[in-house]
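Novice: This structure is in structure tokens; I'll ask about it shortly.
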Amino acid sequence: MVHNGDVRVRRPAEHDELIGRLLTKEGGPFPAYWHVLVFAAALGWSRDRREPFEKAGEPIRYGLFSSSPAVSALVDSMGVVAHPNDATIMGEDRLQERVTVFEEYANGGLSIIQGELNSGAHVRPMDVILNLCRRGMTHAESRVQDIFGPRVVGFGTPDFDT
């Protein structure tokens with residue numbers, strides 16, 4: 001049986017430099033490596049970009065991720081969506097499989113961020129993240145409509161001016 005303390009979340013070595021640039025100590029928006037991976041995984045999932053990888057940088061203890069119920073639920077949800085007809089995916093012994101799905105979405109999200117930086121439209125990683133967040137509302141709305149259909153009402157861009 002695998003215990004949470006034994007599980008590690010791999011960082012794709014190909015994106016180590018980018019991950020470092022996204023940390024607050026380098027002028028990025030994220031305080032820790034695991035925060036970068038959570039954002040990247042959510043971005044990868046929202047754009048349906050899941051990219052396996054072989055070579056990994058320094059792994060991160062899963063306990064950091066599971067300390068947040070929302071992040072733990074995100075990891076579990078990604079695993080369930082990736083294995084839709086397999087209820088056993090939620091078993092403790094299959095945690096590593098769910099983490100692998102999360103890692104692959106994070107890798108996809110990091111590729112999206114790197115692509116934005118390579119496009120030359122934004123020089124700083126912070127600008128890329130802010131732009132992705134601004135554009136993300138329309139992607140999220142579309143994804144929710146795809147999942148739940150037109151029954152969803154009242155889901156739109158929040159009005160922060162009121």
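No value in this document is a laboratory result; all are computed from the given coordinates. Quick caveat: nothing in here was measured; it's all calculated off a predicted structure. Every residue, glycine as well, gets a Cβ built from its backbone with ideal geometry; the counts of neighbours run over all protein chains shown.
Novice: Once the Cα gyration tensor of region 1-56 is diagonalised, what are the square roots of 5 times its eigenvalues, in whole Å and ordered largest first, as equivalent ellipsoid semi-axes?
Specialist: Values: eigenvalues 81, 49, 30 Å².
Three semi-axes, in Å: 20, 16, 12.
Novice: For region 28-74, taking Cα atoms only, what is the radius of gyration to one decimal and the Dmax to the nearest whole Å?
Specialist: When restricted to Cα atoms, region 28-74 yields Rg and Dmax of 11.4, 29 Å.
Novice: Still on this structure: Please list, in chain and number order, the residues 5+ apart from GLY57 or on another chain whose amide H is under 5 Å from its amide H, with Hs placed from the backbone.
Specialist: Distant-sequence amide H within range of GLY57: ARG11, ALA13.
Novice: Can you check what the net charge comes to around GLY28, using other residues whose Cβ is under 13 Å from the Cβ of GLY28 (Lys, Arg +1; Asp, Glu -1)?
Specialist: So the environment of GLY28 carries a net charge of 0.
Novice: For region 38-137, what is the convex hull volume of its Cα atoms per residue in Å³?
Specialist: Output value, Cα hull per residue: 122 Å³.
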